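Asker: Dropping a structure here in structure tokens format, bear with me for questions.
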Amino acid sequence: MRAKKTYTVESYNSYDAPDERRPILRGVFDSYEEALMFSKKMVEDFIRQQIETGKNAEDAAQAFRYGAEVPMILGKGENDEHFQPYEYADKIAIEIIKGMA
């Protein structure tokens, strides 16, 4: 019997130097979609918090690059999209700002 594929979300602090980064387990999921939703929510929550402190979209996305827990999805299958948390931060920051207008 074939084992069920699982997806793991780990994060690292983007503030840490690459050689000092230590992954932190954030969750194990039965599907890529669940892992993706969880990862996107991590990014969205950080960006929303930055915007609520008065940052604009560009500054909020920049703050994510240099001081956030960055999610990574492990266990990707060949048909799963590749999640880019920094690109998503740029995109969602603009969408959150537009939604507040």
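The values are calculated or read from the model by the stated rules, or taken from the named source; none is laboratory data. Every value quoted in this text rests on a predicted model; they were computed, and no experiment measured them. Cβ atoms come from the backbone with ideal geometry, glycine included; neighbour counts cover every protein chain shown.
Asker: Scan the range 71-101 for residues that are more than 28 Å from Asn56 (Cα to Cα) and of a type in the set (D, E, K, R) and report the count. Working first, answer last.
Answerer: Filtering the range 71-101 for residues more than 28 Å from Asn56 (Cα to Cα) gives 74-81.
Narrowing further to those that are of a type in the set (D, E, K, R): 76, 78, 80-81.
Total meeting the criteria: 4.
Asker: Additional query: Criterion first (under 24 Å from Ile94 (Cα atoms) and either touching a residue at least 12 places away in the same chain (Cβ under 8 Å) or not hydrophobic (A, V, I, L, M, F, W, C) (or both)) does Ser31 satisfy it? Explain how you work it out, then say what you get.
Answerer: Working: under 24 Å from Ile94 (Cα atoms): no; either touching a residue at least 12 places away in the same chain (Cβ under 8 Å) or not hydrophobic (A, V, I, L, M, F, W, C) (or both): yes.
Spelling it out, it is not the case that Ser31 is under 24 Å from Ile94 (Cα atoms) and either touching a residue at least 12 places away in the same chain (Cβ under 8 Å) or not hydrophobic (A, V, I, L, M, F, W, C) (or both).
Asker: While we're here: Pairs please, first residue from the range 70-92 and charged (D, E, K, R), second anywhere and surrounded by fewer than 15 Cβ atoms within 10 Å (Cβ to Cβ), Cβ atoms under 8 Å, 6+ apart in sequence or on different chains.
Answerer: Here the result reads Lys76/His82, each pair linking the range 70-92 to a residue that is surrounded by fewer than 15 Cβ atoms within 10 Å (Cβ to Cβ).
Asker: Would you mind finding the one in Val28, Val43 that is surrounded by fewer than 18 Cβ atoms within 10 Å (Cβ to Cβ), β-branched (Val, Ile, Thr) and within 20 Å of Asn13 (Cα to Cα)?
Answerer: On the way: Val43 fails: surrounded by fewer than 18 Cβ atoms within 10 Å (Cβ to Cβ).
Going through Val28, Val43 in turn, the sole match is Val28.
Asker: Filter the range 51-63 for residues that are part of a helix (DSSP H, G or I) and touching a residue at least 40 places away in the same chain (Cβ under 8 Å); which is farthest from Tyr86 (Cα to Cα)? Can you show your working first?
Answerer: Of the range 51-63, the ones part of a helix (DSSP H, G or I) are 51-52, 57-63.
Then keep just the ones that are touching a residue at least 40 places away in the same chain (Cβ under 8 Å); that gives 51, 57.
Numbers: Ile51: 16, Ala57: 13 Å.
The residue in question is Ile51.
Asker: For the structure I just gave you, tell me whether Lys76 is modelled with pLDDT of 95 or more and surrounded by 12 or more Cβ atoms within 10 Å (Cβ to Cβ). Reasoning before the result, please.
Answerer: Numbers: modelled with pLDDT of 95 or more: no; surrounded by 12 or more Cβ atoms within 10 Å (Cβ to Cβ): yes.
Taking the combined requirement at face value, the residue does not satisfy it.
Asker: Please find, within the range 21-50, the residue that is nearest to the chain's Cα centre (by Cα) out of those that are part of a helix (DSSP H, G or I) and small (Gly, Ala, Ser). Spell out how you get there, then give the answer.
Answerer: Going through the range 21-50, the residues part of a helix (DSSP H, G or I) turn out to be 32-50.
Among the residues that remain, those that are also small (Gly, Ala, Ser) are: 35, 39.
Details: Ala35: 10, Ser39: 4 Å.
Here the answer is Ser39.
Asker: Hey, another quick one. Does Phe83 meet the test of being surrounded by 18 or more Cβ atoms within 10 Å (Cβ to Cβ) and not in a helix (DSSP H, G or I)?
Answerer: On the way: surrounded by 18 or more Cβ atoms within 10 Å (Cβ to Cβ): yes; not in a helix (DSSP H, G or I): yes.
Spelling it out, Phe83 is indeed surrounded by 18 or more Cβ atoms within 10 Å (Cβ to Cβ) and not in a helix (DSSP H, G or I).
Asker: In this structure, is Tyr66 buried (at least 16 other Cβ atoms within 10 Å of the Cβ), part of a helix (DSSP H, G or I) and not hydrophobic (A, V, I, L, M, F, W, C)?
Answerer: Values: buried (at least 16 other Cβ atoms within 10 Å of the Cβ): no; part of a helix (DSSP H, G or I): yes; not hydrophobic (A, V, I, L, M, F, W, C): yes.
Answer is no for this residue.
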